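**Q** After the structure tokens below, expect a handful of questions from me.
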Amino acid sequence: MNEFVPFPPPAPVEGLSLVGFRIDPASPVPQFYTVFALEGENDRPAMSEGRILFFTRADRAAAAVAASDNGLRELGTPPAEVDILCDIAESLFIANSQKSDEDGVLLDCIACLDDLVRATQLSVPADYMTVLSALSARLLENPEFGSWVEEQGIDRERIEDAIMWCVGAVGVKSRWV
């Protein structure tokens, strides 16, 4: 063997990721983007003066990083290609009518929205926090959630409302570059 695996493994290196957001179910591509610093002690989106920086063209990622005031500039140049897709449209469809999240679309959306809402420093209503936390815990264990929703007596509309509240909260605490 000539390939050794280091032990302990090296610490992850914080870097930039381009995140796309799809809100239009008729569109095959994201409608807007942000840049995230990931793999460090503080995963966070590009922000300026307490507002998340969004843009409508992926080629504006460098401008968002340049405008950020929360340490992203020091991490280098953002990637040109989308690393993560937060598919809000598909997540709402899955939450509303599907029994399973086999591809992790809903779980990824909840995780992304969680990071974004935390960055805004807004408090999520307890009811929404409870349903999204419980649902994400379930999805981490098992992508089948339809029977779980029924067993827990959770109204699917409540899941949708929680996701849409997060989208709205992030929207009002954003700036477009």
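**Q** Where in region 125-147 does the label zone of SER100 land, with the point 7 angstrom along Cα→C-beta and an amide N cut-off under 20 Å?
**A** 135-147
**Q** Whole-Hz Karplus ³J(HN,Hα) for region 68-82, in order, using 6.51 cos²θ - 1.76 cosθ + 1.60 and θ = phi - 60°, x for Gly and Pro?
**A** 6, 10, 10, x, 6, 4, 6, 8, x, 8, x, x, 7, 9, 5
**Q** Ok, one more. On a full-extension model of 0.36 nm per residue, what is the gain between GLU144 and ALA62, subtracting their alpha-carbon distance, rounded to one decimal in nm?
**A** Value of the extension gain: 25.6 nm.
**Q** Follow-up. Which value, in Å to one decimal place, does the Kirkwood hydrodynamic radius take for region 21-93 when every pair of different Cα atoms is included?
**A** The answer is 12.9 Å.
**Q** What ³J(HN,Hα) values, in whole Hz, does the Karplus curve 6.51 cos²θ - 1.76 cosθ + 1.60 give for region 43-51 when θ = phi - 60°, with x put for Gly and Pro?
**A** For region 43-51, the Karplus-derived couplings read 5, 7, x, 4, 9, 9, 6, x, 10 Hz, x marking Gly and Pro.
**Q** Can you give the translational diffusion coefficient of the chain in µm²/s, computed by Stokes-Einstein from the Kirkwood radius over Cα pairs at 20 °C and 1.002 mPa s?
**A** D, rounded to a whole number, is 124 µm²/s.
**Q** Just to be sure I understand the model, the point goes 7 Å from the Cα along the line to the Cβ. What's the resulting ILE23 to ALA126 distance in nm?
**A** Using points 7 Å along Cα→Cβ, the separation is 3.0 nm.
**Q** Right, here's the next one. Just the number, please: carbon plus sulfur as a percent of the accessible area of region 81-155, 1.4 Å probe, no ligands or DNA/RNA counted.
**A** 47
**Q** Region 1-60: which chymotrypsin sites (Phe, Trp or Tyr not before Pro) are DSSP loop and have at most 12 other beta-carbon atoms within 10 angstrom?
**A** PHE4
**Q** Taking all protein chains together and a probe of 1.4 Å, list ARG156, ARG22, ARG57 from the most accessible to the least accessible.
**A** So, going from the largest accessible area down, we get ARG57, ARG156, ARG22.
**Q** Taking the Cα centre of the chain as origin, sum charge times position over the Cβ atoms of Lys and Arg (+1) and Asp and Glu (-1), and report the length of that vector in debye to the nearest 20.
**A** With Lys and Arg at +1 and Asp and Glu at -1, about 720 debye.
**Q** Grab the alpha carbons of region 1-62, take their convex hull, and tell me the volume per residue in Å³.
**A** About 159 Å³ per residue, rounded to a whole number.
**Q** State the extension gain, in nm to one decimal, for the chain segment bounded by PHE93 and GLN152, taking 0.36 nm per residue of separation less the distance between their alpha-carbons.
**A** Result for the pair: 19.3 nm of gain on full extension.
**Q** Nearest 5 is fine: what % of DSSP beta bridges in region 1-154 come out antiparallel, could you say?
**A** 75
**Q** Using a basic spin-label model with each label point 7 Å from the Cα along Cα→Cβ, how many nm lie between GLU3 and GLU160?
**A** The two pseudo-label positions are separated by 4.7 nm.
**Q** Moving to a separate point now. Counting only the heavy atoms of the protein chains, how much of ASP108 is accessible to a 1.4 Å probe, in Å² to the nearest 10?
**A** 80
The values are calculated or read from the model by the stated rules, or taken from the named source; none is laboratory data. What you see is a predicted model; the values in this text were computed from it and never measured. We place every Cβ from the backbone using ideal geometry, glycine too, and count neighbours over all the protein chains shown. These area figures cover heavy atoms from the full protein model, side chains too; ligands, DNA and RNA do not enter into them. Shrake-Rupley method; radii C 1.70, N 1.55, O 1.52, S 1.80 Å.
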